[in-house]
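Okay, so here's the structure we're looking at.
Every read-out reported here was derived from the displayed coordinates using simple, explicitly stated rules and does not represent laboratory data. Here the structure is a predicted model, which means the values were calculated and not measured. No Cβ is skipped: glycine too gets one built from the backbone with ideal geometry, and neighbour counts run over all protein chains shown.
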Amino acid sequence: MSRGLPKYNKRRVALVGGVAAVALTGAVVVNTALAGESPRNGAATNAETLAGPGTIACPDVTGQLPAVPASAKAEVDRNLALLQTQIDEANKRLVDTVGQGGPNFVQNAILGPLKDKRVATLNRIETAIGRAAAKPEGLEAFAPCTLNAGGVATPGGNAGGNAGQDTGAGAGADTGAGAGAAETPANQAGGGAAGTITCPDVASRLPAIPASAKAEVDRNLALLQTQIGEADTRLQNTVGQGGPNFVQNAILGPLKDKRVATIDRIAISIGRTAAKPQGLEALAPCTLNQ
């Protein structure tokens, strides 16, 4: 009896030790999963390496507005509501795309397009107020949003260039980044040739341009071409990045938003002294050709 006891104790110690080892291994696995992968090569932590995607925070616009004329209140309220809708949609996309893209995915595919949408919406708020009172200036400074808590992204960036150059009075329907544009099947995920971006010609669709509007229209037509050139450059520089929807989300979507704002300004400048052309925003979406 006394000889069997040590063997029993040895077996019990071995069993307890084995259970402890398994528990420790499980704890390490769980902790590793919760903590996320450590940033590689000093890269910023992003949605791909985080347990939670975080949330998007945007500056409050309502508190920055002057007194809103009664005639503009409905339009201003509608665009203020749209600003919140845009944030909600961006937060949903943040959750739906956890694990996608590289270190700049959130900036390029979510924050950049959101900024472009907000620029266009803020421009319309300025225009609505300006019809009946002094037009507020500089609201586009409240367009950039940031990523809080769950991830890191550079605030105020843009996927396809500087949205600040697209500021100005804009009117018309907000189509949103990539909304209404067909998803281009070709993409850069597999590397190879980047292709080129093709956009509908706007100049040929314009009515007679009043002399008083010609300089502004020409300036915005030139800006449309600059935007295409910048998007083509980005297309070349990002070959192989992102997933199957990278080009649509990070390049074509932001380009469309810029074009909506620029085309709106063309329509408004003509409409000051002649019949305002309608439906030009249908020319905003561009496509990728391989």
Starting at the first residue of the stretch 106-116, write each ³J(HN,Hα) from the Karplus equation 6.51 cos²θ - 1.76 cosθ + 1.60 with θ = phi - 60°, in whole Hz, x for Gly and Pro. 4, 5, 6, 9, 10, 5, x, x, 5, 4, 4
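By per-residue mean of other Cβ atoms within 10 Å, what is the highest-first order of 238-248, 206-216?
Values: 238-248: 18.9, 206-216: 13.0.
Order by mean packing, descending: 238-248, 206-216.
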Potential extension, residue 84-residue 198 segment - 0.36 nm per residue separation minus Cα distance: 37.9 nm
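What is the extension gain from residue 77 to residue 133, computed as 0.36 nm multiplied by their sequence separation minus the C-alpha to C-alpha distance, in nm to one decimal? Spell out each step's value before the answer.
Numbers: separation 56, 0.36 × 56 = 20.16 nm, distance 1.63 nm.
This chain segment gains 18.5 nm when fully extended.
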Scalar couplings 3J(HN,Hα) for the stretch 263-278 by Karplus 6.51 cos²θ - 1.76 cosθ + 1.60 (θ = phi - 60°), nearest whole Hz, x for Gly and Pro, are 5, 4, 5, 4, 4, 5, 5, 5, x, 5, 10, 8, 5, 6, x, 10
